[in-house]
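To start, the structure under review is shown below, and the notes come after it.
We did not get these values from a lab; they are worked out from the coordinates using the rules stated. Bear in mind the structure is a predicted one, so any value in this text is a computation, not a measurement. Cβ atoms come from the backbone with ideal geometry, glycine included; neighbour counts cover every protein chain shown.
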Amino acid sequence: MKNLKQLVRPNIWNLKPYSSARNEFRGEASVFLDANENPYNEPYNRYPDPLQWKLKDRISELKDIAREHIFLGNGSDEAIDLLIRAFCEPGADNMIAITPSYGMYEVAADINNVACVKVPLSDGFRLDAGAALDAAGSNTKLVYLCSPNNPTGNLLEREEIFRILKYFKGLVVVDEAYIDFASSPSLLRGLASYPNLIVLQTLSKAWGGAGIRLGMAYASPAIIDILNKIKYPYNVSQLTQEWALRLLNRQEAMQRELSGILHERTLVETALQKLPFVQQVYPSDANFILVKVDNPDATYDYLANKGIIVRNRNTVALCEGCLRITIGTPEQNNLLIKALQTRTL
């Protein structure tokens with residue numbers, strides 16, 4: 001890995017960040033007259049903690065990682081965007097993303113006028129570290145890897161990820177939005193060995209918190225400091241922080257729901273494999289299944305007309321003919337399978 005100063009955009013490295021009222025005084029007091037807040041409608045008249053320390057303490061406890069390694073944002077998308085803004089000089093630097101994968105990596109790159117070099121997965125949606133390393137040039141600052149991958153559902157080969165981490169001179173971002181559904185553990189423990197590793201996670205999937213928009217980035221304290229330097233001062237609302245704590249304090253319920261989803265995933269996979277128009281059900285380590293079918297557009301329309309919405313991935317590279325189906329409740333999954341069993345297209 002290059003020295004961090006060599007990777008960061010010079011203007012970001014030299015940036016003096018905005019200092020909010022809640023940054024300058026973080027203690028307890030009886031009268032707050034420093035932030036031009038309305039004195040009525042407590043507690044939501046007050047600006048939230050800009051660094052979300054109470055919430056980070058809870059995440060630190062659950063993940064067994066020091067809070068200085070944690071960045072919290074408005075969904076994982078905020079961290080995806082901030083990393084590009086911090087490390088990639090517009091019009092000069094570039095980044096790598098695998099394909100097919102989560103579309104926001106390329107969109108965030110385009111918004112920031114940063115070239116996104118796409119490296120196709122190999123047969124079976126496998127990661128080819130050699131192809132990714134060959135695609136990297138002197139101005140390549142970031143590699144984005146989604147594992148389990150969306151929309152394919154599979155975990156990327158850990159040895160290939162480690163190979164990229166070892167030989168790539170920039171930063172490697174591993175998006176683990178679906179890791180709670182996977183058969184292998186998170187790469188969080190790898191932070192101690194790889195200073196260029198950044199791990200993204202979210203409350204949107206296993207924790208059932210998509211509506212509150214809370215994403216986490218885990219990295220070295222030096223990288224976290226850079227993200228905090230350029231984020232908006234109050235990027236995570238008080239309501240989001242409160243609801244996130246509520247979700248994280250129902251861990252036993254989450255584990256029961258997670259077990260139920262994994263059980264249902266097996267049932268849905270088995271049922272789909274019996275349908276005559278299903279060509280392939282791809283193995284999944286996520287809360288969805290990628291399915292290759294005859295006439296995917298017509299199948300999608302058929303389900304939509306019955307009020308069942310899946311995701312048509314037929315136009316995505318390497319996913320031709322495929323639908324992506326999220327695992328729902330047992331009742332929702334039964335409706336899906338019954339509808340497909342009576343399909344006459």
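Roughly how compact is segment 219-296, stated as its Cα Rg over 2.2 N^0.38 Å to two decimals?
Against the compact-globule rule of thumb, the ratio is 1.76.
What dipole magnitude, in Debye to the nearest 20, does segment 219-345 give about its Cα centre under +1 on Lys/Arg Cβ and -1 on Asp/Glu Cβ?
Magnitude of the dipole: close to 80 debye.
For segment 97-158, report the % of Cα-Cα distances exceeding 15 Å.
Value for segment 97-158 (Cα pairs over 15 Å): 47 percent.
In debye to the nearest 20, how big a dipole does the chain give about its Cα centre with +1 on each Lys and Arg Cβ and -1 on each Asp and Glu Cβ?
200
Would you work out which of LEU155, TYR234, GLN6 lies farthest towards the positive end of the dipole of the chain, given +1 charges on the beta-carbon of Lys and Arg and -1 on that of Asp and Glu, about the Cα centre?
Positive-most Cα among the choices belongs to GLN6.
First measure r as the distance between the Cβ atoms of TYR40 and GLN238, then evaluate 1/(1 + (r/R0)^6) with R0 = 22 Å and state the FRET efficiency to the nearest 0.05.
0.90
On a 0 to 90° scale, report how tilted helix 75-87 is relative to the longest principal axis of the chain, with both axes built from alpha carbons and the result rounded to the nearest 10.
Once rounded, one gets 60 degrees.
Under 10 Å, Cα contacts only: if you run a Gaussian network model on the chain, which one of GLY124, GLY27, GLY208 comes out with the highest mean-square fluctuation?
Of GLY124, GLY27, GLY208, the most mobile in the Gaussian network model is GLY27.
To the nearest Å, what is the center-to-center distance of segment 196-237 and segment 119-192, using C-alpha atoms only?
Centre-to-centre (Cα) distance: 19 Å.
Quick one: work out the % antiparallel among DSSP beta bridges in segment 252-341, nearest 5.
Roughly 100 percent of the beta bridges in segment 252-341 run antiparallel, per DSSP.
Can you compute the radius of gyration and Dmax for segment 12-69, using only the Cα atoms, both in Å?
Expressed in Å, the Cα Rg and Dmax of segment 12-69 come to 14.6, 39.
By count of other Cβ within 10 Å, fewest leading, how are ARG9, ARG313, ARG126 ordered?
ARG126, ARG9, ARG313
Can you spot the aspartates and glutamates whose alpha carbon is less than 18 Å from LYS338's alpha carbon? Ignore those fewer than 8 places along the same chain.
Straight-line reach from LYS338, under 18 Å: GLU264, GLU269, ASP294, ASP301.
Report relative contact order for the chain in percent, whole number only (criteria: Cα-Cα under 8 Å, sequence separation at least 6).
Once normalised by length, the contact order is 17 percent.
Which angle between 0 and 90 degrees, to the nearest 10, do you get for helix 53-63 versus the longest principal axis of the chain when only C-alpha atoms count?
Rounded to the nearest ten degrees, it is 40.
Over all Cα pairs of the chain, how is the pair count split among 20 Å bins, expressed in % and running from 0 up to the last occupied bin?
Per 20 Å bin, starting at 0, the Cα pair percentages come out as 28, 53, 18, 1.
Quick one: pull the percentage of alpha-carbon pairs in segment 161-235 with a separation above 16 Å.
In whole percent, the long-distance tail amounts to 56.
Tell me what the chain gives for mean residue ellipticity at 222 nm when only DSSP H runs of n ≥ 4 count, each as -39,500 (n - 2.57), the sum divided by the residue total, rounded to 500 deg cm²/dmol.
Counting only the DSSP helices, I get -10500 deg cm²/dmol.
Magnitude of the Cβ-charge dipole of segment 168-230, K/R +1 and D/E -1, about the Cα centre, nearest 20 debye?
Once rounded to the nearest 20, the dipole reads 100 debye.
In terms of Cα to Cα distance under 28 Å, which lysines are near enough to LYS141, apart from those fewer than 8 places away along the same chain?
Cross-link targets: LYS2, LYS5, LYS16, LYS56, LYS63, LYS118, LYS166, LYS169, LYS229, LYS231.
Computed FRET efficiency, Cβ-Cβ of ASN305 and ARG250, R0 41 Å: what is it to the nearest 0.05?
0.65
Take the alpha-carbon positions of segment 208-341, form their convex hull, and give its projected area averaged over all directions (one quarter of the hull surface) in nm².
One quarter of the hull surface, i.e. the mean projection, equals 11.1 nm².
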